[in-house]
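J.: Structure below; questions to follow.
The values are calculated or read from the model by the stated rules, or taken from the named source; none is laboratory data. The structure displayed is predicted, hence computed values, not measured ones. Every residue, glycine as well, gets a Cβ built from its backbone with ideal geometry; the counts of neighbours run over all protein chains shown.
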């Protein structure tokens, strides 16, 4: 089983794995990324403002980063992204063995890079799938390459576990890839993202799915899992008690 994850706007500027014996790799779609960067570089600051709906300092910083993209620092994708889900992973505590397992199991989808594995080198950026910078949109721009890459990475009868948001999971062609969707019920105070992260930790460390009640749909070949169906001592209420129970039990 392999996993897809969403990127995050929040990013850090340090490589937290620089002292680990991990091989850093090049983005598989570097040429397509460069096409998008070249398109963005040709935009005026007013056009960037209109496309990205940015203002003031954030607009100026984003425009400057686009123009100076070639000089920006490269970081492993899993180290650069630093939104809620990535923070909850607490990757600094992972052993080299767990990191190597992570490297072969996780795909991070994004609007600029298409797909990155955890230790592919990337640069900070600001781009969403819904932003109009290419003809027919970014979904059309990326979908073929992403699905071919994932399909070739999956073994026969291997499934893809969807821990990505709807914005990015729409990239997956369900006619070609057998994907499991997790249906997170709670969405209070960022809980859904934290659940997604904790679930990823559980999967990566224990290498197994939890026991849940599932129903299948032949039309979409999806299985929907509900945290409310899991029988554990903790119960998922307002706070992420279930996920944190799982999280601490495997650390």
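J.: Using beta carbons and a limit of 9 Å, which pairs, at least six apart or on different chains, have the first residue in segment 36-62 and at positive phi and outside any helix (DSSP H, G or I) and the second one surrounded by fewer than 11 Cβ atoms within 10 Å (Cβ to Cβ) and at pLDDT below 95?
T.: Every condition considered, no pair remains.
J.: Could you pull out the residue among 115, 121, 102 that is within 17 Å of the chain's Cα centre (by Cα), part of a helix (DSSP H, G or I) and either closer than 18 Å to residue 162 by Cβ or at pLDDT 95 or above (or both)? Steps first, please.
T.: Details: 115 fails: part of a helix (DSSP H, G or I); 121 fails: part of a helix (DSSP H, G or I).
Exactly one residue qualifies, and that residue is 102.
J.: Could you grab me the full set of residues in segment 76-99 that are more than 17 Å from residue 8 (Cα to Cα) and in a loop (DSSP other than H, G, I, E, B)? Full working, then the answer.
T.: Restricting attention to segment 76-99, the residues satisfying the condition of being more than 17 Å from residue 8 (Cα to Cα) are 92-99.
Matches in segment 76-99: 94, 95.
J.: Which numbered condition trips up residue 73, out of (1) farther than 25 Å from residue 141 by Cβ; (2) not in a loop (DSSP other than H, G, I, E, B)?
T.: Checking residue 73 against (1) farther than 25 Å from residue 141 by Cβ; (2) not in a loop (DSSP other than H, G, I, E, B), the one that fails is (2).
J.: Go through (1) surrounded by fewer than 17 Cβ atoms within 10 Å (Cβ to Cβ); (2) more than 20 Å from residue 17 (Cα to Cα); (3) at pLDDT below 85 for residue 196 and report which single condition fails.
T.: Unmet for residue 196, out of (1) surrounded by fewer than 17 Cβ atoms within 10 Å (Cβ to Cβ); (2) more than 20 Å from residue 17 (Cα to Cα); (3) at pLDDT below 85: (1).
J.: Also, quick follow-up: What are the residues in segment 1-31 that are surrounded by fewer than 17 Cβ atoms within 10 Å (Cβ to Cβ) and closer than 18 Å to residue 141 by Cα, if any?
T.: 30, 31
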